[in-house]
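Working notes, beginning with the structure itself.
Please treat every number below as a calculation from the coordinates, not as lab data. Just so you know, these numbers come straight off a predicted model, no measurement behind them. All Cβ positions, even for glycine, are placed from backbone atoms using ideal geometry, and neighbour counts span all protein chains on display.
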Amino acid sequence: MAAEGIVLVTGGSRGIGAATTSLLAEQGQRVVIVDIAPEPLTGTGTILWPASFDVVSESAVVSGIADIEAAHGPITGLVNAAGVFGKMHPVERVRMEQWDREVNIDLRGTFLVARIKGPSRPDREMRADLSALWQAHPVGQ
């Protein structure tokens, strides 16, 4: 996936992000993990971005991606695994502030990272699937 660059994994310190990070590292990928509360994945050989990475903040995503690429090279693969899962309630008990928080992290965050990273490679097109994993492909392939 990232022969000439790195794979960025949002939400890479826990859950699905950590599992995906471990698998990519086992496959020989150079992986940088970012998280709102970054914690290293011991024994994986991955690179932990030490600063908090807030996928909901457009300015934080823009500056974070620029800093990561300056330090580690181009991002050629992306796994958007940052997300939250709140308590299940009957719809009439769902508080709107909780709804907004979850939608912002799960949807806005995924969109922001993909949108900001995608256009930086004009010779590439972004292909996405529902697992929120994309790989940069030369246009026309």
What FRET efficiency do you get for residue 58 and residue 84 if R0 is 22 Å and r is their Cβ-Cβ distance, rounded to the nearest 0.05?
-> 0.75
The answer for residue 84, listing residues at least 5 apart or on another chain whose modeled amide H is closer than 5 Å to its amide H, is 106
Along each of the three principal axes of the Cα atoms of the range 1-110, give the extent in whole Å, ordering the values from largest to smallest.
-> 49, 28, 22
For the range 109-117, in residue order, the Karplus 3J(HN,Hα) values (coefficients 6.51, -1.76, 1.60; θ = phi - 60°; whole Hz; Gly and Pro = x) are x, 4, 4, 4, 5, 5, 5, 6, 6
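Only counting other Cβ atoms within 10 Å, I'd like 21, 44 sorted with the fewest neighbours first.
Values: 21 25, 44 18.
So the residues, fewest neighbours to most, are 44, 21.
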Phi-based couplings in Hz for the range 33-46 (Karplus 6.51, -1.76, 1.60; Gly and Pro marked x) = 9, 10, 7, 5, 10, x, 9, x, 9, 5, x, 9, x, 7
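Would you mind ranking 7, 84 so that the residue whose beta carbon has the fewest other beta carbons within 10 Å leads the list? Don't skip to the end; give the middle numbers.
Details: 7 25, 84 15.
Ordered by Cβ neighbours within 10 Å, fewest first: 84, 7.
Between residue 102 and residue 70, 0.36 nm times their residue separation minus their Cα-Cα distance comes to what? Kindly include the intermediate steps, with their values, before the conclusion.
Working: separation 32, 0.36 × 32 = 11.52 nm, distance 3.05 nm.
That works out to 8.5 nm of additional length.
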Using a 10 Å cut-off on Cβ atoms, rank the peptides 70-79, 24-33, 8-17 from the highest mean neighbour count down.
-> 8-17, 24-33, 70-79
